[in-house]
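The values are calculated or read from the model by the stated rules, or taken from the named source; none is laboratory data. Remember, it's a predicted structure, so these values are computed and weren't measured experimentally. Glycine gets a Cβ as well: all are built from the backbone with ideal geometry, and neighbour counts include every protein chain shown.
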Amino acid sequence: MSILAPSTSSARPVPRPVRAAVVVWLAAVGAGVAETLVHLSGPDAPGAGALVVRGAVYAVVVALVLSLRTGRDAVRWTLALLLGVVGTASLVVEPLTFLAAGGSPVEYLADAGVADLAVVVLRLGHLAAVVVALALMFRPAANAFFASAR
């Protein structure tokens, strides 16, 4: 079965917003993986332990994302809380700390190297994907799909 298959094993059609949410969530995961790869090329590369943890987190997230197609509302809310709240917080804490300490985004970008700029672009794409995926999961057609599974 394709990750974009329009129906579940119970033959209930998976609505377009849910299928799109799966794709967008996977894009967010891809941005996170790409950011990790960029960090590996830098002086503060994550160690083996951090990579194992990130890999495990990505694997769990992918499993949850693919489970959206089952229509289980608990999966939708788990993703909304874990990725929409906790995951978003983890993405914005570093930039917000930088700004709170008086950092200048203009100066940072002016002095940034290619890897730093790549991280900024990936992080912004990652955040955008999270917002879009969250919105898709709560569209009317998605709400009806998850309600019908109860």
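Of all residues in the range 43-74, those that are at negative phi and in contact (Cβ under 8 Å) with a residue 40 or more places away in the chain total 7.
Checking the range 67-89 against the condition returns a match, with at least one residue being of a type in the set (Lys, Arg), over 19 Å from His39 (Cα atoms), at pLDDT 95 or above and assigned to a helix (DSSP H, G or I). For the range 28-42, the set of residues classified as of a type in the set (Gly, Ala, Ser) and without any contact (Cβ under 8 Å) to a residue 40 or more places away in the chain consists of Gly30 only. Checking each residue in the range 104-150 for being within 17 Å of Ala80 (Cα to Cα) and in a loop (DSSP other than H, G, I, E, B) picks out Phe138, Arg139.
Against the condition hydrophobic (A, V, I, L, M, F, W, C), touching a helix residue (DSSP H, G or I) at 6+ places or on another chain (Cβ under 7 Å) and under 30 Å from Arg16 (Cβ atoms), how does Val61 come out, does it pass? In short, yes.
Here's the yes/no breakdown for (1) over 30 Å from Arg69 (Cα atoms); (2) modelled with pLDDT of 95 or more; (3) under 10 Å from the mean Cα position of the chain (by Cα); (4) surrounded by 11 or more Cβ atoms within 10 Å (Cβ to Cβ):
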| site | (1), (2), (3), (4) |
| --- | --- |
| Thr97 | yes, yes, no, no |
| Ala100 | yes, yes, no, no |
| Gly113 | yes, no, no, no |
| Asp116 | yes, no, no, yes |
| Leu122 | no, yes, no, yes |
| Gly125 | no, yes, yes, yes |
| Ala128 | no, yes, yes, yes |
| Ala133 | no, yes, yes, yes |
| Met137 | no, yes, no, yes |
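Among the residues of the range 31-65, which ones are within 13 Å of the chain's Cα centre (by Cα) and over 24 Å from Ala115 (Cα atoms)? Hits for the range 31-65 are Ala59, Val60, Val61, Val62, Ala63, Leu64, Val65.
Of everything in the range 75-90 that is of a type outside the set (A, V, I, L, M, F, W, C) and under 10 Å from the mean Cα position of the chain (by Cα), the residue that is farthest from Val62 (Cα to Cα) is Thr88.
Being hydrophobic (A, V, I, L, M, F, W, C), over 21 Å from Val29 (Cα atoms) and surrounded by 15 or more Cβ atoms within 10 Å (Cβ to Cβ) is the requirement here; does Ala149 meet it? Judged against the criteria, Ala149 is a match.
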